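Comments concern the structure below.
Read-outs: derived from the displayed coordinates by stated rules, not from any lab. Keep in mind the model is a prediction, meaning the values are calculated, not measured.
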Amino acid sequence: MPRLTPYPRGFVLSRHAPPERSVPGNFHSLEVAGGWHFSFDPLRTPSVCVDEVTGRFILTHGTCFPVGEESVVDVSAWLLQKLLESEDTFLDGLDLLAGRHVVVAGDATQASVYQDAAGARSVYYSPGAGLVSSHAHLIHDLVPHEPTLTTLRPTGAANTWDLSPWAGIRALVPNHRLVLGTWEVERFFPRQPNRYAGWSTRRKLSAIEAMWQRELDAFTTAFEDVVVSVTGGSDSRVVLAMARRHLQVVYGFTYTPGKNVRSRRSKRLAQDERIVGELRDLLPLDHRFFSRDDTGVTSSPELSHLMSRNSILEHGRWLIPHYNRAFPGDDVMHMRGNAFEIGRAFRDPRPHNDTIEDIRVHYAQRAGVIATDSGTPALNVEQHAYFDGAVQRLGYHDDLYGYHRLDLFHWEFRVGRWLSEVLNETDISFDTFLPVSVRAIFELLLSFDVADRRDGFAYTELIDRNFPLLNFFGKNDDRNLYQQVRDERRSDIRRKERVNAWLERGLRLSGLPGTPGEEPVSQPAPGPNHLFLPTDRFIEGYSATRVIGHAPVDGSLQFRFRSTYAFKRSLGRFEYRLMVSGQTLLRTDGAAWPYDTWVTVHNLRAEDTIEVQVVALRTMSKESWSRATHAGILDLSYTPMAPKGAPRAVSSNPYAETSPWTNHVAATRDETASDSAAMSVTGTMN
């Protein structure tokens, strides 16, 4: 049933009991080791074990299952025994914990707080208020805080290390512990070189499988209702393959966009629906689709209010009423295929980019603002100061024992923040566990070399070893394995027939005739495939151009044009043009179409020049307009071919138009006196 109470599965930890009027009325409370006060939603009762001799204690709250070879009845007692033995033994125990939980370890005078491997259980803390909690809003309820500077938040507080919407309230990130009293954050992983680096592939995969199966055995035994979200992607496929023995007792669901398939996300969901529709015939799974068009499910003001307080981001709130109707049990557990990217080479780690400055570049890509002079993201003063403090606070300057900083950065900066807030949002319907979220499993996945991680080798192998037929269906691809191999073979044949095309270096900037900017000015492009109009050139009639070079033979050109900006109210500010030997073949408003466009130019002669331009239709002074023009010219290919007439272009962009000066099919060049005046233009190709 829906948890229509504030902060489901939440908690508050403090030295002294917070005012009763501020803590949610459904919360229960207990004293721990004579020194700590723990308030909690009773749906998850904490487990506490205290050593009578030393006064040391362990508190676990949430779902928490060890997946090592030891048989464990009481997790808190098991962890306490390890803590009494040594800190390293205790930390090794934490590396084997599955689930979504918080662990508090210490005594009456000092304690440390840990979270699960992926940081799926959000943990926030306020040194000024002396509070630790599962939810940022809950701390702010107890002790109001000033908002975080807006200059720090372009990337979103749920995506940025330890930022929260309030100054003075910070988030704990994976692989770190919070020391209560001093309020310092200490990195505890990695603490040695990767323990599995020297293992064979077979041994690594067998170890992952063993831990994963113990985890699934524990969760399907502890929870009567286990549901799994099924998509068309690779991560979901791994979850299904590894859960093969348990699928008969698991419920599945897939959400779909319904009839409204316009945005990039809705198209992706529609693809999921098609792929899952084929997959589910093979799965012994009680499965259903949730459609956004379903008018039988509605939200309520009370539900909307609770969702807005449970999470600091909004991800998929329209799904909550669907979940509540489909899975009305008192304590449903959702098995979700997230956090796999921690084991991938998501940030392209290489030997030369394992530095603090490389982390800064990735941070700036999310948090920075495009600089007009360079076309690359830049940080403001406050962001620079925050970044420097965060990398120092979180130990990125320390010896990381061979682990790549970009791997840890993605784990801690992005996954450990965004994902926890998504799960806070769905807590109203059910709890969630991520089967891959065991630190030992992450360590095993990170022990594969970068090339294998980039290709998802370990994940594909896990599918092949446990449910090989699932590898046959495409992953985020409507084609099955046979069709992909067939098409790749055909592509190889076509590639052999093609001659390369390329983008000439630099951006050509031109002004209005008769002005000082009339003569083209060359400027380095911000990227090898990049086109954009700088802010100081966003003047009516001014343009920026990339020239496409090609082999000196007659032929046909194909390329992919990527522009992600679209806003109906912004039409008429700038446009993109395709030029051949000085004449416009295609043009489209820059705010009309935010998807990839395939363009083909037929009947080219060896001497033709080809240009792609962005042109200002009005003078706009704000830097955001320059950002809107950023586009990419990708996948260039040139096929030698005898021309059959004048140049013509076709495009998959439904808003692309012919130039107003020619609406007819021109004669071939051989039939006219002027090549440039006779060029033909087609309309769009859907």
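Brief remarks follow.
- Set of lysines near K622 by C-alpha distance (under 21 Å), chain-local residues within fewer than 8 positions excluded: K568
- Kirkwood hydrodynamic radius of the stretch 268-355, Cα pairs, Å: 16.9 Å
- Projection of the Cα convex hull of the stretch 1-143, averaged over all directions and equal to a quarter of that hull's surface, yields 9.0 nm².
- Proximity of backbone amide H atoms, modeled 1.01 Å from N, is registered between F290 and T254, Y255, T256 at under 5 Å, excluding neighbours fewer than 5 places apart on the same chain.
- Straight-distance candidates among the lysines for linking to K82, with alpha-carbon spacing under 28 Å and chain neighbours fewer than 8 residues away dropped: K204.
- Considering helices alone, the calculated mean residue ellipticity of the chain at 222 nm is -7500 deg cm²/dmol, with DSSP H runs of length four and up weighted by -39500 (n - 2.57) and normalised per residue.
- Using only the C-alpha atoms, the convex hull of the stretch 62-113 corresponds to 82 Å³ per residue.
- Spatial separation of Cα centroids for the stretch 261-329 and the stretch 193-229, in angstrom: 27 Å
- When only Cα pairs below 8 angstrom with a gap of at least 6 residues are kept, the chain shows a relative contact order of 12 percent.
- Relative contact order of the stretch 1-153, taken over Cα pairs closer than 8 Å and 6 or more residues apart, is 21 percent.
- Against the empirical 2.2 N^0.38 Å (N residues), the stretch 349-405 has a Cα radius of gyration ratio of 1.22.
- Cubic angstrom per residue, convex hull over Cα atoms of the chain: 178 Å³
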